[in-house]
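Remarks on the structure that follows.
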Amino acid sequence: MRGVKTKRCIPRLFFHSLFLALLMSCSTAKNTGENGGKITAAPEINCPDDGDCKFEIIKNSSLEFKYDDTGKLYPAIEPGENFVIKYHYERKPEPDLMDSGYSEYVYLEFNPENEQLILKDKELQKVKMIFGRICFCKGSMGYFPVHEGSLFLFHREKNLQLRTTFKVKKVPQIVTHIEENIKY
């Protein structure tokens, strides 16, 4: 047919479906399992490649600092009115080395009624932020309050966003930032 141009069209439904699929795939939120007040998720954003990480939100709890018989500080999670966040990084052990286990922990406590927290440096102790390094590393392991860094926490309608960068000068550390979006 002369003078008639054919036009290729893709139905609008295709574009709407494509947009919806892209929107859903861009979400960084992770569905979690809840077990007796503990909400557990596998972090997706910043777990080091050589290990595994776990992220927990523990409802109706309080973070207490205790000391063992040698005077070393350690965290204890007790019943309370707040939420405690526990981040655990565990490096994959060397198969040929005995005692090659290595873990790092970050704990903090917040009031779930606070929608947003922005803290810096010594203010991090308002959420009792503590870093732990557990390994067979003589003299460079234990738990240490975090006094250097920044924290952004947003909590609303079963959504939690956590962004923190921190440094503990007393021991070497692998995990220096945590960035998570969790739906529970």
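Taken together, the values in this text are just the output of simple stated rules run on the coordinates, not laboratory data. Quick caveat, the model's predicted, so the values are computed rather than measured. Cβ coordinates were reconstructed from backbone atoms using ideal geometry, including for glycine residues, and neighbour counts include every protein chain displayed.
The residues neighbouring D49, those whose beta-carbon lies less than 11 Å from its own, together hold a net charge of 0 under the Lys/Arg +1, Asp/Glu -1 convention. Using every pair of separate Cα atoms, the Kirkwood estimate puts the hydrodynamic radius of the range 29-183 at 16.0 angstrom.
Do any trypsin sites (Lys or Arg not before Pro) in the range 113-184 lie in a DSSP loop with no more than 15 other beta carbon atoms within 10 Å, and if so, which?
On the way: sites: K120, K122, K126, K128, R133, K138, R156, K158, R163, K167, K169, K170, K183; in loops: K128, K138, K158, K167, K169, K170.
Qualifying residues, ordered by number: K138, K158, K167, K169, K170.
For the range 131-151 versus the range 63-120, the inter-centroid distance based on Cα atoms is 10 Å.
Tell me the net charge near D121. Cut-off is 12 Å between Cβ atoms, D121 excluded, with +1 for each Lys or Arg and -1 for each Asp or Glu. Don't skip to the answer; put the middle values down first.
Details: positive: K120, K122, K126, K167; negative: E123, E148.
Every neighbour counted, the sum reads +2.
Among F152, F55, which comes first, second and so on when ranked by fewest other beta-carbon atoms within 10 Å? Don't skip to the end; give the middle numbers.
On the way: F152 15, F55 24.
Listed from fewest to most nearby Cβ atoms, that is F152, F55.
Where does each of S100, S140 land when they are ranked from fewest to most other beta-carbon atoms within 10 angstrom? Don't jump to the answer; show the numbers that get you there.
Details: S100 13, S140 10.
By the 10 Å Cβ count, ascending: S140, S100.
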